[in-house]
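Notes for the one structure printed next.
The values are calculated or read from the model by the stated rules, or taken from the named source; none is laboratory data. All of these numbers come straight from a predicted model, not from anything done at the bench. For neighbour counting, all protein chains shown are included, and Cβ atoms are generated from backbone atoms with ideal geometry for every residue, glycine included.
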Amino acid sequence: MREKRERVTVAPSARPELLWGGVLTRIGKKAPPRDDDLVALLGDCHARIRSFLALARALATARGAADGEVASSGAAVARYFELALPLHAEDEDASLAPRLRGRDAELDAALAAMTAEHREHAARVARLCELCRAIEREPARRGALAPELAALVDSLGHDFEVHLEREERVIFPAIDRWLDAATRGAVVAELRARRAR
């Protein structure tokens, strides 16, 4: 039986300025999963989604950060959600879902919700990227953009947490239950090829 994977979350802080550096130093520092473990690779993507949402929250709420740090944080959030998140959604929709559909009613419902939510998140993710790119270009505008950014991150953060938790509770266990090693390996190969494009 596969052991439970660590979930990376950032607790809200009454003093957001303490969160700023903590989030920045954690992103990208976690040891990568074994490159042949499909569930671990997908779980690592989930950890990054949570981390970059936490960085966006810090960008909206933290005080006292230098303009250079504000700009680089905005760029990092936008880059992740523009480039990496669409790849992860494609991994799930194109490589994983077709191999799991039709095996179980609860699983089929979770897969349908997953795919629908990928589309539903798109407009808000695009707006998140626009705000972060604006902050990257003009860090001094962060204060004016912070209320919209904070509200957007709250909304997306809630919806992503429901989305990710469902995948971790229903879809991830189904990978080990229904997909043999060769099929999991084929999915991993597709994930790699997608990132090599």
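Taking segment 62-80 as the range and being buried (at least 18 other Cβ atoms within 10 Å of the Cβ) and either of a type outside the set (G, A, S) or modelled with pLDDT under 95 (or both) as the test, the residues that pass are A62, A65, V70, V77, Y80.
Mind telling me which of the residues A65, A78, A94 ends up being outside any helix (DSSP H, G or I) and farther than 15 Å from W178 by Cβ?
On the way: A78 fails: outside any helix (DSSP H, G or I); A94 fails: outside any helix (DSSP H, G or I).
Every option except A65 fails the conditions.
Residue check: R197 meets all listed conditions (1) under 24 Å from D36 (Cα atoms); (2) at pLDDT 95 or above but one, namely (2).
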